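The values are calculated or read from the model by the stated rules, or taken from the named source; none is laboratory data. As the structure is a computational prediction, the values presented were derived from the model and not from experiment. Counting neighbours? That spans all protein chains shown, and the Cβs are built from the backbone with ideal geometry, glycine included.
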Amino acid sequence: MDLNLRGKKVIVLGGTRGIGRKIAETLAGEGCDIGLCARNGDQVAEAVSSMKTFDVKATGASVDIADGAALKSWITDAGNELDGIDILVSNASALAIGADEESWQKGLDIDVLGAVRSFEAAAPFLEASAEKNGDAAFVAIASVSSISAQNPSAYGAVKAALIHYMKGVAKQWASKHVRANVVSPGTVYFEGGVWHMIEQGNPEMFKQTMARNPMGRMATPQDIADAAAFLASPRSSFTTGINMLIDGAISDRVNY
């Protein structure tokens, strides 16, 4: 299926590693121009260089997502450099799984306010794109942790807040054909990622979690990127306000 993405201009927050990197690569492979940011400047430079191998335009910068003014400024600059923004992907996460105040603050600053502020900056570009092309998209990456709680955790709670926010954006912007959707991964394994580190540092916990996955494996970043690419594409132009679980049936919730 042709996703009709060629020539689209994409901004990816947290686009140098794991899920964000694979989303950027997948969209670049579909012919999208890419703007990406993350904190590590060397990783940003490497990722931008890699995107250019897809014969697309690519730009990037080292940005602290928690710095609202810096984030908004970069998105505006990147939008101007790319000559527009058709798709915004908010993937950055503090991965703050504790219940202490610092974890809450990090999660709010990066996972939630990162999405809020990035959309505020990208909205004029997205609105212009939708007016011209009939469709623009905002995709946020949340987590299956948002629907399950065994103990107090900032991570799951802030991801739930993110999903709630995205539904509101979807309702508010539907008449302008700017869509807002969420992808919520289950356990995702990649080298250097959380579950890779758990596999090395706590093999028993890793083994138990693997046993909970009905499909006998964890997701790959590509599994998540494929869902994000579809929701970002004009092929899903009537889909907005959803939370798409990509969890291999690890959750028990029935989604009506």
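Against the conditions (1) among the aromatic types (Phe, Trp, Tyr); (2) surrounded by 20 or more Cβ atoms within 10 Å (Cβ to Cβ); (3) touching a strand residue (DSSP E or B) at 6+ places or on another chain (Cβ under 9 Å), where does Tyr155 fall short? Just the number, please.
(3)
Looking at the stretch 69-85, can you tell me whether even one residue there is aromatic (Phe, Trp, Tyr), out of contact with any Pro (no Cβ under 8 Å at 6 or more places or on another chain) and surrounded by fewer than 21 Cβ atoms within 10 Å (Cβ to Cβ)?
Scanning the stretch 69-85, I find no residue that is aromatic (Phe, Trp, Tyr), out of contact with any Pro (no Cβ under 8 Å at 6 or more places or on another chain) and surrounded by fewer than 21 Cβ atoms within 10 Å (Cβ to Cβ), so the answer is no.
Could you say which residue among Cys37, Cys32 is touching a strand residue (DSSP E or B) at 6+ places or on another chain (Cβ under 7 Å) and farther than 19 Å from Phe230 by Cβ?
On inspection, the qualifying residue turns out to be Cys37.
Among what's in the stretch 212-256 and is among the hydrophobic types (A, V, I, L, M, F, W, C) and free of Cβ contacts under 8 Å to residues at least 40 places away in the same chain, pick the residue that is nearest to Cys32 (Cα to Cα).
In this case the residue turns out to be Phe238.
Can you name the condition, by its number, that Ser148 falls short on among (1) polar (S, T, N, Q); (2) closer than 22 Å to Ile246 by Cα; (3) crowded, with 21+ Cβ neighbours inside 10 Å?
If we test Ser148 against (1) polar (S, T, N, Q); (2) closer than 22 Å to Ile246 by Cα; (3) crowded, with 21+ Cβ neighbours inside 10 Å, just (3) comes out false.
List the helices (runs of 4 or more DSSP H) that sit entirely inside the stretch 1-112 and contain at least 1 residues that are more than 30 Å from Gln150 (Cβ to Cβ).
Output list reads 18-29, 41-52, 68-82.
So that you can scan it fast, the table gives a plain yes or no per residue for (1) hydroxyl-bearing (Ser, Thr, Tyr); (2) within 14 Å of the chain's Cα centre (by Cα):
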position: Ala128; (1), (2): no, no
position: Lys132; (1), (2): no, no
position: Ser145; (1), (2): yes, no
position: Ala149; (1), (2): no, no
position: Ser184; (1), (2): yes, yes
position: Gly193; (1), (2): no, no
position: His196; (1), (2): no, no
position: Gln200; (1), (2): no, no
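Name the single residue that is modelled with the lowest pLDDT among those in the stretch 240-256 being surrounded by 15 or more Cβ atoms within 10 Å (Cβ to Cβ) and of a type in the set (S, T, N, Q).
Ser251
Return the residues of the stretch 215-247 that are over 21 Å from Asn4 (Cβ atoms) and assigned to a helix (DSSP H, G or I); say none if nothing qualifies.
Result: Pro221, Asp223.
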